[in-house]
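Worksheet: one structure, shown below.
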Amino acid sequence: MATSPAPIPHFESLLVLVGALGGVLAGFYLFCRGFGLLARKRLIENIPRSEIRSAALGQVEISGKALGPYTIISPLSLSDCYYYKAVAYPTGEDAKQAHRSSAEILSVPFFLGDQTGNVMVDARCAETDLPCTYEGCAEGYTAGGCVQQFLARRGLAENARVQLVEYSILAGDPLFVLGRLSENPPETKNLESKAGADWLSPEAAALQRQSMLESIGAVPAGDLRLVGKKNGEEKQFNLHPAVVLRKGAKGEPFIISRHSQREVIRELAGKSLLYVWGGPLLALASVAYLLLKLTEF
């Protein structure tokens, strides 16, 4: 007697199995990620906190306030700032055509200051943990001039529907910075001739400010470069310092955060605990579900 062929699993069952396999991989990733965060937590705990005047060359942790002689204007909140990261997330039908978000990061040299002095910070390549200065949705053809310019720079269509988020470092912001204090290389000292697309000299920053002001119909007035006045005192900053706080060798963390060292450590401890224990639980649950489903076939 001919035997009937085994029933083919339903397509939905196959999707469930694929999801279970994905859960196993995700659990393994979270487990490894948790140990990475734990290692970073211990690194931050082991690096001594320094005042700026007594900081030695090498990896340091410094807390202070953001200061600087000139600023740029962020494209979404139109804030005077030293650093911004603006991100556009296409939504709706536009999201199908975009495989990832589009981000714009721009910075000028700024200084971290405490009661003992100040040190220049090169924010390029930094991992930032900053408060959101702008969040909202927009459609290109109804957005303001600055937003339209931002969308155009990121190659998004004029009628694109996007979710916009912006993070900035403003004058006076309290910051915690973990990075490498190193000698200032010649290419950084000569900002006017070596300024890159994301590291603006005073002249380039003045052009950026002028462009942003003109896009909102404001008439630039006065010196667009120097804005380091506070409480009636002109701040003096050396744009050619001997040392700079910046990104170190590959693999070394470079963190700029609005949270204190204690808060950063507490957050890393919570995440590492969640990932180290939650990852294996997710993987085991996925394996158990996978075995259960396999016995049904």
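The values are calculated or read from the model by the stated rules, or taken from the named source; none is laboratory data. Worth saying up front: this structure is predicted, and the values here are computed from it rather than measured. Cβ coordinates were reconstructed from backbone atoms using ideal geometry, including for glycine residues, and neighbour counts include every protein chain displayed.
A few remarks follow.
- Yes/no for Y141 being surrounded by fewer than 20 Cβ atoms within 10 Å (Cβ to Cβ), in a strand (DSSP E or B) and at pLDDT below 90: no
- Test: residue in the range 99-116 that is touching a Leu at 6+ places or on another chain (Cβ under 8 Å) and over 19 Å from A171 (Cβ atoms): yes
- Selection of the range 39-70 for residues being assigned to a strand (DSSP E or B) and at pLDDT 85 or above yields G58, Q59, V60, E61, I62, S63, G64, K65, A66, L67.
- Unique residue being among the hydrophobic types (A, V, I, L, M, F, W, C) and buried (at least 19 other Cβ atoms within 10 Å of the Cβ) when the list is I47, I72: I72
- Odd one out for R209, checked against (1) farther than 20 Å from V87 by Cβ; (2) among the basic types (K, R); (3) touching a helix residue (DSSP H, G or I) at 6+ places or on another chain (Cβ under 6 Å); (4) at pLDDT 75 or above: (3)
- Some residue of the range 188-202 being of a type outside the set (A, V, I, L, M), modelled with pLDDT of 80 or more and more than 27 Å from G136 (Cβ to Cβ): yes
- Evaluation of F110 against (1) modelled with pLDDT of 85 or more; (2) over 18 Å from the mean Cα position of the chain (by Cα); (3) more than 30 Å from L273 (Cα to Cα) (one fails), failing number: (2)
- Of everything listed in (1) in contact with a Gly (Cβ under 7 Å, 6 or more places away or on another chain); (2) without any contact (Cβ under 8 Å) to a residue 40 or more places away in the chain; (3) of a type outside the set (F, W, Y), the single unmet condition for S50 is (1).
- Hey, K230 modelled with pLDDT under 75, exposed (fewer than 13 other Cβ atoms within 10 Å of the Cβ) and either more than 23 Å from the chain's Cα centre (by Cα) or not charged (D, E, K, R) (or both) or not: yes
- Filter pass, L30 being of a type outside the set (D, E), buried (at least 18 other Cβ atoms within 10 Å of the Cβ), at pLDDT 80 or above and touching a strand residue (DSSP E or B) at 6+ places or on another chain (Cβ under 9 Å): no
- Scope the range 242-268; condition surrounded by 15 or more Cβ atoms within 10 Å (Cβ to Cβ) and more than 17 Å from R124 (Cα to Cα); matching residues: H259, Q261, V264, I265, E267, L268
- Search result, residues across the range 270-297 that are closer than 28 Å to P48 by Cβ and either without any contact (Cβ under 8 Å) to a residue 60 or more places away in the chain or surrounded by 15 or more Cβ atoms within 10 Å (Cβ to Cβ) (or both): G270, K271, S272, Y275, V276
- Considering the range 113-136, and only residues there that are of a type in the set (A, V, I, L, M) and part of a strand (DSSP E or B), the residue that is farthest from the chain's Cα centre (by Cα) turns out to be V119.
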